[in-house]
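This report concerns only the one structure given below.
The values are calculated or read from the model by the stated rules, or taken from the named source; none is laboratory data. Here the structure is a predicted model, which is why all the values come from computation and not from measurement. Glycine also receives a Cβ, built like all others from the backbone with ideal geometry; neighbour counts cover every protein chain displayed.
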């Protein structure tokens, strides 16, 4: 099956990871010469370099949290901040490879720490006590990124025409094996039933046909003879018994009576 056709089927299967689809899509984009989507697929698969712009769907907004040695993790109240400042400390742009985003999508909650420079600024803003500032995200947010990438892959691969099917080419070893088997003599198995089953064409060709004709005629004659014999024995006798012939009186007996 061509790679493009295979990718069109697998992109609809939610059980196949997006990272696997991106690997196949990268090869498919190279085959069709789509440089623009090849670059996008490569960035999604391997992660966006620092000099590349990050798509808006990779920008997530979470909730600031902080951890210290006394209270553990707790939320940071941002009501006293301006909307611009609150947006800056609660929003991340993820350049991570797709496999890392898939791992994050499998978590219910996760915390992402800040860049070291931003972390120092936040620690000072929180009073300077030792603590670990971070942003809390949910796995659903990362799952949305995966769905957006899958949808874009679906739209792209749907517009790529399927390659023409290549003509079937027999492997050389298969051809040699077929020729070798054709040259070998075939031996009939023992018994008439096995011979007829293995050589069915023999029954309908050559001398086999003539033999079957004569056997059929002989069977018909035997059937007719047996039927006639059976009915001749079973039918009742219809012959008329012979009529008895009267006995004649001898002439000598008639003339021997004297006349008065």
Subject >> Residue match in the stretch 60-70 (condition: loosely packed, with under 14 Cβ neighbours inside 10 Å, touching a strand residue (DSSP E or B) at 6+ places or on another chain (Cβ under 6 Å) and either closer than 26 Å to residue 147 by Cβ or not assigned by TED's automatic domain parsing to the domain that holds residue 93 (or both)) >> reply: yes
Subject >> Among (1) in a loop (DSSP other than H, G, I, E, B); (2) closer than 19 Å to residue 145 by Cα; (3) out of contact with any helix residue (DSSP H, G or I) (no Cβ under 7 Å at 6 or more places or on another chain) - the single one residue 39 does not satisfy >> reply: (1)
**OP:** Could you list, in sequence order, all residues of the stretch 101-111 that are in contact with a helix residue (DSSP H, G or I) (Cβ under 9 Å, 6 or more places away or on another chain) and touching a residue at least 40 places away in the same chain (Cβ under 8 Å)?
**Re:** 101, 102, 105
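Suppose the filter is surrounded by fewer than 15 Cβ atoms within 10 Å (Cβ to Cβ) and out of contact with any strand residue (DSSP E or B) (no Cβ under 7 Å at 6 or more places or on another chain); does residue 8 pass it?
Details: surrounded by fewer than 15 Cβ atoms within 10 Å (Cβ to Cβ): no; out of contact with any strand residue (DSSP E or B) (no Cβ under 7 Å at 6 or more places or on another chain): yes.
For residue 8, the condition - surrounded by fewer than 15 Cβ atoms within 10 Å (Cβ to Cβ) and out of contact with any strand residue (DSSP E or B) (no Cβ under 7 Å at 6 or more places or on another chain) - is not met.
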**OP:** Might you check whether a residue that is closer than 30 Å to residue 162 by Cβ and touching a residue at least 24 places away in the same chain (Cβ under 8 Å) occurs anywhere in the stretch 47-69?
**Re:** yes
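Okay, residues lined up against (1) in a helix (DSSP H, G or I); (2) closer than 30 Å to residue 92 by Cβ; (3) modelled with pLDDT under 95:
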position	(1), (2), (3)
9	yes, no, yes
12	no, no, yes
23	yes, yes, no
43	yes, yes, no
48	no, yes, no
52	no, yes, yes
64	no, yes, yes
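Which one of these is in a helix (DSSP H, G or I), modelled with pLDDT of 60 or more and under 30 Å from residue 98 (Cβ atoms): 146, 221? Working first, answer last.
Details: 221 fails: under 30 Å from residue 98 (Cβ atoms).
Only one candidate passes the filter, namely 146.
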**OP:** Check 119, 129, 102 and return the single one that is at pLDDT below 95 and either outside the structural domain of residue 64 (by TED's automatic domain parsing) or surrounded by 14 or more Cβ atoms within 10 Å (Cβ to Cβ) (or both).
**Re:** 119
**OP:** Could you run through the stretch 84-117 and say how many residues are outside any loop (DSSP other than H, G, I, E, B), under 16 Å from residue 63 (Cβ atoms) and out of contact with any strand residue (DSSP E or B) (no Cβ under 7 Å at 6 or more places or on another chain)?
**Re:** 4
**OP:** Return a yes/no flag: does the stretch 26-44 have any residue that is without any contact (Cβ under 8 Å) to a residue 12 or more places away in the chain, closer than 24 Å to residue 142 by Cα and more than 38 Å from the chain's Cα centre (by Cα).
**Re:** no
